[in-house]
Amino acid sequence: MPGLCLIIKSLPSNRWLLAAAAADFAVAALHIGIVLMGPSGYLYYGAADLARLAAQGSNAPAILTLLLALVFVVFGVYTLSEMGWGPRLPLSTAVVFGIASLYTLRGLILILDLLRLAAGAEYPIRQSVFSAAALVIGMIHFSGWILGWRLRSGAK
């Protein structure tokens, strides 16, 4: 994929934001996968109420999850915009800061997860992995946002 490498090397901003956008699109794809998996997918990823509704034949879990996938796609598009790929979207700097904050706040649930595990609670370790992943994605967004701000302002 030499063409893709040339595009990436010629981007005016940074690779942290590219990694952040890739993570946004991957999370969107994961949510689409959950819909395709059906009730077992909802259950595995910790949405027992949605699993129950999906098992009863309700379309609400699929609609809700696909809307959430769309939100993550919008996150990815805004992140790409912030790095200078495509048209500059309104408030992209503030929106990417908000995206980074949301992921990070979700990721900080890891503290509660670890406290539950330390207390010996029956708690799926995968939930801690999901929290850790959100925290890492939030930090990647923040790293890209900070570097992008420095590149735009000329700061070192």
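The values are calculated or read from the model by the stated rules, or taken from the named source; none is laboratory data. Everything numeric here is computed off the predicted structure, so don't read it as measured data. Every residue, glycine as well, gets a Cβ built from its backbone with ideal geometry; the counts of neighbours run over all protein chains shown.
Hey, any hits in segment 12-26 for a residue that's over 22 Å from the mean Cα position of the chain (by Cα) and modelled with pLDDT under 95? For segment 12-26, residues over 22 Å from the mean Cα position of the chain (by Cα) and modelled with pLDDT under 95: present. Remark: pairs (first residue in segment 24-46, touching a residue at least 60 places away in the same chain (Cβ under 8 Å); second residue in a helix (DSSP H, G or I); Cβ separation under 7 Å; 6+ apart in sequence or on different chains) = D24/F72; D24/F75; D24/G76; D24/T79; V27/F72; Y45/I34; G46/Q127. Looking only at segment 50-105, residues that are touching a Pro at 6+ places or on another chain (Cβ under 9 Å), of a type in the set (A, V, I, L, M, F, W, C) and modelled with pLDDT of 95 or more come to 5 in all. Of all the numbered requirements in (1) closer than 24 Å to L70 by Cβ; (2) within 19 Å of the chain's Cα centre (by Cα), R88 misses one, and that requirement is (2).
Of the listed requirements (1) in contact with a Leu (Cβ under 8 Å, 6 or more places away or on another chain); (2) not in a helix (DSSP H, G or I), V95 misses just one: (2). Would you tally the residues in segment 98-128 being outside any loop (DSSP other than H, G, I, E, B) and closer than 23 Å to I140 by Cβ? Of the residues in segment 98-128, 20 are outside any loop (DSSP other than H, G, I, E, B) and closer than 23 Å to I140 by Cβ. Per the listing F75, F130, the residue uniquely in contact with a Phe, Trp or Tyr (Cβ under 8 Å, 6 or more places away or on another chain) and surrounded by 14 or more Cβ atoms within 10 Å (Cβ to Cβ) is F130.
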